[in-house]
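Each remark here refers to the structure printed beneath this line.
The values are calculated or read from the model by the stated rules, or taken from the named source; none is laboratory data. Note that the structure is a prediction, hence the values are computed from the model and not measured. Here the Cβ positions follow ideal geometry from the backbone for every residue, glycine too, while neighbour counts run over all protein chains shown.
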Amino acid sequence: MKAALAAALLAALAAPPAARWDWGDVKDDYGMEASKALCRQLRNREPPASDRPTAQQAAALKGCDSEKLYYGIGMPADPAKARQCAFLEADKGDESVFGGRTMLMMIYANGKGARQDYDVAIHLACGIEGAPAQSDGRVRDLAERRKRGEKGGDFDYCDGITSGLAAGYCASHAASIEGAKRDAVWARLTAGWPAADKQALAKLKAAHKAFAEAHAGGELDLSGTLRGAISIGAEEDLAKALLAMVERLESGKAPAYTHAQYLAADAALNARYRKALAEVEPNGGPGAVTPEGIRSAQRAWLAYRDAFLAFAALRYPKLPRDSLAAWLTAERTKMWDQPEG
C-alpha cells in the first residue's frame, strides 16, 4: 500500500502543471465563437519580458497591492509600480479579482503603467475566468477599442458585468476606493480634535460598523445573486451617512428637536420595529430576512445610538441630548421604508 501511494505521489509530482483556463478553449452551447477564436489567435501574446520588475524592484515591492497602486487607494496612484507589483502577484498565483492578471489586463489596455498593447490585454482577458457573457463581452470590447485605434482609455474589469458574483467583487472594489476617500475626509475633519474626542469617535465608529454589518446581514433580502453587492452597498450608505451627520454637527447645522418630538420619534420607531417583525417569516429561506436578524440589528443600533450620544456629550456639550436622539431615531425609522439596492 505504501509503495503504491509513493508511486502515485511521484507520478503527480512529475505530471505537467494543469493548463491555465482560457476562454478560447471553452466548449459550451452559448456560441460566442468570434471572441473565442481571437483568444486562440493571441494565446501566446505575453507581456514583454522587459516590463517585468528587476530583482531590486521586486524586493522593494514585497507585500505590495497592485489594485491600491493602480487606483491610488489610500496612497498616490503609481501605475508603473502597479504593473511591477501585478507581475509579482501573478507569479505567486494570485487569483484575486483585482490582482495579478486582471490588473495587467487593464494596464496594457489603457496604456497606464506600460506601453499600450491591445493584443496583450486581450490575451490576458482571455485567461480571466467568469460568466460566459462577461468573457465574451470583455474580449469584444478590447477588440473594438483596438480596431478604433483608441489611445489611452478607461477600460475596467467592472465594465459590462453580468453576474451577481462579479457585481459583488466590483461593489467591494468601489467601496475600497470610496472608503479611502472618506478616511481622508475624516483625517482632515478631526485633525485639530483633542485626543479624548478622537477616542470617543473611534468608539462611535466601532459601534456604527457593528450596526452596519448587522443591518446589511440581517435586515436585507440576500436571497438573490446580487446579495454581495446589496450588502456592501447598504454598509456604504451607512458609512456615508455617519460622516455626513458628523460634518453637520461640526458645522452647527444639525436639525433641532424638542423633548416632545423625541418621544414621538421613539414611539414611531417602536411601532415600525413591531411592523417589521410582523412582516417577515420566522423560518425564511437562505438569505431571507428573519425576526432574529431584525432584532440583532436593532440591538446593534441601540448600542450605536448610545455611543453617538456619549460622543456628542463630549464633543458637542451644548447640543441637547434629546435633539440628537430624535434625529438618530428618525433616521433609523426611515431605513425600513427605503427600497433595497
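Report whether or not Arg40 is farther than 28 Å from Lys181 by Cα and touching a Cys at 6+ places or on another chain (Cβ under 9 Å). Reasoning before the result, please.
Details: farther than 28 Å from Lys181 by Cα: yes; touching a Cys at 6+ places or on another chain (Cβ under 9 Å): yes.
So Arg40 fits the description; yes.
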From Lys36, Lys112, Lys81, which residue is in contact with a helix residue (DSSP H, G or I) (Cβ under 8 Å, 6 or more places away or on another chain) and in a loop (DSSP other than H, G, I, E, B)? Lys112
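Being part of a loop (DSSP other than H, G, I, E, B) and either touching a residue at least 40 places away in the same chain (Cβ under 8 Å) or surrounded by 15 or more Cβ atoms within 10 Å (Cβ to Cβ) (or both) is the filter here; which residues of the stretch 247-283 pass it?
First, the residues of the stretch 247-283 that are part of a loop (DSSP other than H, G, I, E, B): 252-258, 279-283.
Listed by number, the residues that qualify are Ala254, Pro255, Ala256, Tyr257, Thr258, Val280.
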How about the stretch 55-78: which of its residues are of a type in the set (A, V, I, L, M, F, W, C), within 18 Å of the chain's Cα centre (by Cα) and part of a helix (DSSP H, G or I)? Leu69
Only one of (1) modelled with pLDDT under 95; (2) part of a loop (DSSP other than H, G, I, E, B) fails for Ile232. Which number is that? (2)
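When the stretch 47-78 is examined, which residues are found to be of a type in the set (D, E, K, R) and surrounded by 12 or more Cβ atoms within 10 Å (Cβ to Cβ)? Even if it seems obvious, please write down each step before you answer.
First, pick out the residues of the stretch 47-78 that are of a type in the set (D, E, K, R): 51-52, 62, 65, 67-68, 78.
Once the filter is applied, which keeps residues that are of a type in the set (D, E, K, R) and surrounded by 12 or more Cβ atoms within 10 Å (Cβ to Cβ), the stretch 47-78 yields Asp51, Arg52, Asp65, Glu67, Lys68, Asp78.
Can you tell me how many residues in the stretch 139-158 are part of a loop (DSSP other than H, G, I, E, B), more than 15 Å from the chain's Cα centre (by Cα) and either modelled with pLDDT of 90 or more or within 30 Å of Glu236 (Cα to Cα) (or both)?
Filtering the stretch 139-158 down to residues part of a loop (DSSP other than H, G, I, E, B) leaves 149-158.
Those left that are additionally more than 15 Å from the chain's Cα centre (by Cα): 149-155.
Checking the rest, the ones that are also either modelled with pLDDT of 90 or more or within 30 Å of Glu236 (Cα to Cα) (or both) come to 149-151, 153-155.
Number satisfying all stated conditions: 6.
Just a yes or no: is a residue in the stretch 296-306 outside any helix (DSSP H, G or I), within 26 Å of the chain's Cα centre (by Cα) and in the same structural domain as Leu201 (by TED's automatic domain parsing)? Can you show your working first?
Of the stretch 296-306, the ones outside any helix (DSSP H, G or I) are none.
No, that holds for no residue.
Quick grid of which residues meet (1) crowded, with 16+ Cβ neighbours inside 10 Å; (2) more than 24 Å from Asp337 (Cβ to Cβ); (3) in the same structural domain as Leu302 (by TED's automatic domain parsing):
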| residue | (1), (2), (3) |
| --- | --- |
| Trp193 | no, yes, yes |
| Lys198 | no, yes, yes |
| Leu201 | yes, yes, yes |
| Lys205 | yes, yes, yes |
| Phe211 | yes, no, yes |
| Ala216 | yes, no, yes |
Considering (1) surrounded by 23 or more Cβ atoms within 10 Å (Cβ to Cβ); (2) within 20 Å of the chain's Cα centre (by Cα), say which one Arg83 fails and leave the rest. (2)
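Select from the stretch 92-119 the residues that are over 15 Å from Arg20 (Cβ atoms) and of a type in the set (A, V, I, L, M, F, W, C) and list them in ascending order.
Listed by number, the residues that qualify are Val97, Phe98, Met103, Met106, Ile107, Ala109, Ala114.
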The lone condition Ser176 fails out of (1) outside the structural domain of Glu235 (by TED's automatic domain parsing); (2) assigned to a helix (DSSP H, G or I) is (1)
Within the stretch 83-138, considering residues that are of a type in the set (Phe, Trp, Tyr) and modelled with pLDDT of 95 or more, the one nearest to Leu61 (Cα to Cα): Phe87
Subset tally (residues that are among the hydrophobic types (A, V, I, L, M, F, W, C) and either over 26 Å from Asp183 (Cα atoms) or modelled with pLDDT under 95 (or both)) for the stretch 235-270: 9
Identify all residues within the stretch 307-341 that are under 19 Å from Asp221 (Cβ atoms) and not in a helix (DSSP H, G or I); write none if there are none. Trp336, Asp337, Gln338, Pro339, Glu340, Gly341
Taking Gly152 as the residue in question, decide whether it is at positive phi and touching a residue at least 24 places away in the same chain (Cβ under 8 Å). yes
